[in-house]
Amino acid sequence: MLATRRRDTPGEIALRTALRALNLRYRIDVTLPGTRRRADVAFVGAKVAVFVDGCFWHGCPEHGTWPKANASWWRAKIEANRRRDNDTDLALRAAGWTVLRFWEHADATVAALGVARALKASG
Ligand SMILES: [Zn+2]
């Protein structure tokens, strides 16, 4: 279900800008070694995977809106996205990855500092 996968969303770009400001060297939109999953931003050596979840597509509790037209179809789609996110997290953790997820509305600088902490913790 790649139809909802959008690259270079404003949230991803903001996070990447904040990561660069911290001199963190990342790769984007990579298939993670040892898994068949992709991450928006990855630190392959440290095995830290970062996702920026769109408020609409992933059902953000603050900004997720439930369209009134075709409501049940949208609800099923967004809930399927959330189940897939959860499944991805489990698969990556099972393969030894640290998984970080941020909402697209999150402050990018705060998110980047969280990534820096995870990288430090991963050694
Ligand atoms: Zn949101």
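FYI, it's all coordinate maths here, none of it is from the lab. All values reported here derive from a predicted model rather than from experimental measurement. As a convention, Cβ positions derive from the backbone with ideal geometry for all residues, glycine included, and neighbour counts pool all protein chains shown.
So which residues in the range 29-69 are charged (D, E, K, R) and under 21 Å from G123 (Cα atoms), if there are any at all? Break it down stepwise before answering.
Within the range 29-69, the first condition is being charged (D, E, K, R), and the residues that meet it are 29, 36-38, 40, 47, 53, 62, 68.
Hit for the range 29-69 is K47, nothing else.
So, in the range 22-37, how many residues would count as being in contact (Cβ under 8 Å) with a residue 24 or more places away in the chain and either under 17 Å from L100 (Cβ atoms) or in contact with a helix residue (DSSP H, G or I) (Cβ under 7 Å, 6 or more places away or on another chain) (or both)?
6
Given the conditions (1) surrounded by fewer than 17 Cβ atoms within 10 Å (Cβ to Cβ); (2) farther than 14 Å from A111 by Cβ; (3) not hydroxyl-bearing (S, T, Y), and given that L22 satisfies all but one, which numbered condition is not satisfied?
(2)
One residue is enough: does the range 55-72 have a residue meeting the conditions more than 16 Å from the ligand (Cβ to nearest atom) and surrounded by 14 or more Cβ atoms within 10 Å (Cβ to Cβ)?
No, the range 55-72 contains no residue that is more than 16 Å from the ligand (Cβ to nearest atom) and surrounded by 14 or more Cβ atoms within 10 Å (Cβ to Cβ).
Consider A116 against the criteria (1) surrounded by fewer than 17 Cβ atoms within 10 Å (Cβ to Cβ); (2) under 13 Å from the mean Cα position of the chain (by Cα); (3) aliphatic (A, V, I, L, M): it satisfies all of them except one. Which criterion is unmet?
Every listed condition holds for A116 apart from (2).
Among all residue pairs at least 6 apart or on different chains, which show Cβ distances below 9 Å where the first residue, located in the range 104-119, is within 10 Å of V48 (Cβ to Cβ) and the second is of a type in the set (D, E, K, R) and within 16 Å of the ligand (Cβ to nearest atom)?
Qualifying pairs under 9 Å: none.
Given (1) loosely packed, with under 12 Cβ neighbours inside 10 Å; (2) touching a residue at least 60 places away in the same chain (Cβ under 8 Å), where does L90 come up short, assuming only one miss?
Against the list (1) loosely packed, with under 12 Cβ neighbours inside 10 Å; (2) touching a residue at least 60 places away in the same chain (Cβ under 8 Å), L90 comes up short only on (2).
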